[in-house]
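Here the structure comes first, spelled out in structure tokens, and everything after it is commentary.
The values are calculated or read from the model by the stated rules, or taken from the named source; none is laboratory data. Just so it is clear, the model here is predicted, and its values are computed rather than measured. Here the Cβ is made from the backbone with ideal geometry for all residues, glycine too, and neighbour counts use every protein chain on show.
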Ligand SMILES: [Fe+2]
């Protein structure tokens, strides 16, 4: 499965859509770095990016879920917490580890691919549909 922007992901809320597009761009960048065997600082930069990203993105999504009384909020928020946990584990594993090699990058790629496939393209797509119908913006 390719990680790319699809119209079904659109929530109608510009801020959420842009955050999703940003994440997709970062995952694609990591894939390119792996393809060209130029991983360098990519993984550590990515962890830093994902920390800021998940904090602000999840806050945005959760704000909209509350505002529009989204019925699946508990399940959705649980998934966000789970991703934060995964991210924390990755951070512990790689911070202070000078050897960020191809295997590390592939591990990161796998986790992000999984998050995209299980969360963004399914759980967020359901939320997107709900927000669109609710006329959120
Ligand atoms: Fe989400």
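Quick test of your reading of the structure: residue 16 fulfils all but one of (1) within 19 Å of residue 133 (Cβ to Cβ); (2) surrounded by fewer than 16 Cβ atoms within 10 Å (Cβ to Cβ). Name the failing condition by number.
Every listed condition holds for residue 16 apart from (2).
State which residue is surrounded by the fewest Cβ atoms within 10 Å (Cβ to Cβ) when the search covers only the stretch 19-42 and only residues that are part of a loop (DSSP other than H, G, I, E, B) and out of contact with any helix residue (DSSP H, G or I) (no Cβ under 9 Å at 6 or more places or on another chain). Write out each step before concluding.
Our first condition is that a residue be part of a loop (DSSP other than H, G, I, E, B); within the stretch 19-42, this holds for 36-41.
Checking the rest, the ones that are also out of contact with any helix residue (DSSP H, G or I) (no Cβ under 9 Å at 6 or more places or on another chain) come to 36, 41.
Details: 36: 8, 41: 10.
This residue is 36.
Of the residues 103, 118, only one is part of a helix (DSSP H, G or I), within 11 Å of the ligand (Cβ to nearest atom) and surrounded by fewer than 15 Cβ atoms within 10 Å (Cβ to Cβ); which?
On the way: 103 fails: within 11 Å of the ligand (Cβ to nearest atom).
Of 103, 118, the one residue that is part of a helix (DSSP H, G or I), within 11 Å of the ligand (Cβ to nearest atom) and surrounded by fewer than 15 Cβ atoms within 10 Å (Cβ to Cβ) is 118.
Only one of (1) in contact with a helix residue (DSSP H, G or I) (Cβ under 6 Å, 6 or more places away or on another chain); (2) modelled with pLDDT under 95; (3) in a helix (DSSP H, G or I) is not met by residue 65, so which one is it?
It fails just one condition, (2).
Would you call residue 45 touching a helix residue (DSSP H, G or I) at 6+ places or on another chain (Cβ under 8 Å) and more than 13 Å from the ligand (Cβ to nearest atom)?
So residue 45 fails the test.
Which of the numbered conditions does residue 76 fail, given that it passes all the others? Conditions: (1) within 16 Å of the chain's Cα centre (by Cα); (2) at pLDDT 90 or above; (3) surrounded by fewer than 15 Cβ atoms within 10 Å (Cβ to Cβ); (4) closer than 17 Å to residue 125 by Cα.
(3)
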